[in-house]
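All remarks here apply to the structure that follows.
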Amino acid sequence: MAAGIANPLRMCIFSFMNGDKAYDSLRTDNKERGLVSILQMRNSASGAMELAHGHTGKVANCLNDISESIKAARSTSKAFDCACKGINIVSEMVNPILVVASGVRVYNSDDKKSAMLKEAGAMTGMFAAESAYKTLFGLNKGSEATYKKYKLLNNTADGIKKFCSSNKFLSKIPSGKIGGIIKGLGFIAASCSAFAIGSEIGDAIAQRTTAKDYAAKHALTKVSSDESNQETASVEKHALEKTPSEENSTKEYIS
């Protein structure tokens, strides 16, 4: 149950985060985040409806009604059913879309080698952290949490649960849901932190390797361009300036 709550929660929050980045796309190169945001919100809604199945209550009943309406529409309309199947397929491609977008950022960068190191570090860190977190806390479908095997993680989780149960506000949330919320927020923190750290590591490597080469080549190109411009300016200036002998020669010819 807790893991079930964690997945829709993290997808919902990621959707809003990516939507915000897409909104700022006029100033940054994050336009693809709009599609990612839509797909993540779809996955969040789908997870919430699966979680509500077999449960009662205002929210659960509302989600169950929506789920039944979608099933009825799919059974009566082939076009709607095909559209739903297409959306389901695309919704599983959030990570590949992020990878492709990362490649586009590298392609659009002037220093492609440095950009590739930075993007590779960020993506590797993010996917590695997410995979490890899902395994540790059982966020994959049908998997069991393994964090209890590690004393530090188990003690930390127990400490957080005890704090939540003693808190006036959090204690009102059912214990199972508290665990799911903690896992969902923890996943987001792990993913974002690993992305930032991986990006910094990749950038640090680039600054010591590829960025130096790019800066040296760029400086050499700039010097050559400046020298060429100076030579052109000198020729133009000489062409405009006439010596006294040239002026007298021109006057004599006119006379």
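Could you please give the count of residues in the range 153-204 that are charged (D, E, K, R) and either under 26 Å from Ala52 (Cβ atoms) or in contact (Cβ under 8 Å) with a residue 60 or more places away in the chain (or both)?
6
Among (1) farther than 20 Å from Ala48 by Cα; (2) open to solvent by less than 80 Å² (accessible area, probe 1.4 Å), there is one condition Ser75 misses while meeting the rest; what is its number?
Looking at each condition in turn, Ser75 falls short on (2).
Could you run through the range 148-170 and say how many residues are open to solvent by less than 100 Å² (accessible area, probe 1.4 Å) and outside any helix (DSSP H, G or I)?
Residues flagged as open to solvent by less than 100 Å² (accessible area, probe 1.4 Å) and outside any helix (DSSP H, G or I) within the range 148-170 amount to 1.
Give just the number: which of (1) under 30 Å from Gly103 (Cβ atoms); (2) of a type in the set (A, V, I, L, M, F, W, C); (3) part of a helix (DSSP H, G or I) does Leu139 not satisfy?
Going through (1) under 30 Å from Gly103 (Cβ atoms); (2) of a type in the set (A, V, I, L, M, F, W, C); (3) part of a helix (DSSP H, G or I) one by one, Leu139 breaks only (3).
The values are calculated or read from the model by the stated rules, or taken from the named source; none is laboratory data. Every value quoted in this text rests on a predicted model; they were computed, and no experiment measured them. Please note: Cβ atoms are built from the backbone with ideal geometry, for glycine as well, and neighbour counts cover all protein chains shown. Quick note on the areas: whole protein, heavy atoms, side chains included, nothing else; ligands and nucleic acids left out. Shrake-Rupley method; radii C 1.70, N 1.55, O 1.52, S 1.80 Å.
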